[in-house]
Amino acid sequence: MSRPEAKLPAVLDDPVFAEPWQAEAFAMTVALQGKGLFSWSEWAVALSVEVKQPGAASDGHDYYEHWLAALEKLLSRKGIAGKGEVDELAAAWERAAHATPHGKPILLENDPESGR
């Protein structure tokens with residue numbers, strides 16, 4: 001008597017992250033916590049505050065937007081990086097991405113304004 005082959009539910013085959021930036025935000029949070037910049041309980045509180053904001057999507061499609069907001073606020077509150085610094089760095093990466101030829105790695109040095 002052979003056993004039927006076990007199959008994972010289809011949901012486990014779905015991508016974990018809808019967009020690459022979501023995976024990057026997740027990895028960054030794990031790395032920063034691993035460096036001791038904040039504890040998991042601090043993170044849980046920060047994320048909880050964000051996902052409970054009025055206007056949060058009931059289906060959770062904006063979860064990683066809240067994740068990113070929580071990370072930015074936590075880093076600012078701890079004096080690691082203020083909102084202006086985060087915004088400035090994000091803009092530099094955006095410029096670098098636009099200046100990088102397709103298929104090449106995006107490097108911050110590719111920001112055309114980096115020499116200023």
Within the range 69-116, work out how many residues are without any contact (Cβ under 8 Å) to a residue 12 or more places away in the chain, not in a helix (DSSP H, G or I) and not hydrophobic (A, V, I, L, M, F, W, C). 10
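Residues checked against (1) surrounded by 15 or more Cβ atoms within 10 Å (Cβ to Cβ); (2) of a type in the set (D, E, K, R):
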{"residue": "Glu19", "(1), (2)": "no, yes"}
{"residue": "Ala23", "(1), (2)": "no, no"}
{"residue": "Phe26", "(1), (2)": "yes, no"}
{"residue": "Trp40", "(1), (2)": "no, no"}
{"residue": "Lys52", "(1), (2)": "no, yes"}
{"residue": "Ala97", "(1), (2)": "no, no"}
{"residue": "His102", "(1), (2)": "no, no"}
{"residue": "Glu109", "(1), (2)": "no, yes"}
Single residue of Leu108, Leu75, Leu68 found to be touching a helix residue (DSSP H, G or I) at 6+ places or on another chain (Cβ under 8 Å) and under 19 Å from Val16 (Cα atoms): Leu68
Selection status of Leu32, surrounded by 14 or more Cβ atoms within 10 Å (Cβ to Cβ), outside any helix (DSSP H, G or I) and touching a residue at least 24 places away in the same chain (Cβ under 8 Å): no
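Each value in this text was obtained by applying a stated rule to the coordinates, not by laboratory testing. Here the structure is a predicted model, which is why all the values come from computation and not from measurement. Ideal geometry is used to build each Cβ from the backbone, glycine not excepted, and the neighbour counts take in all protein chains shown.
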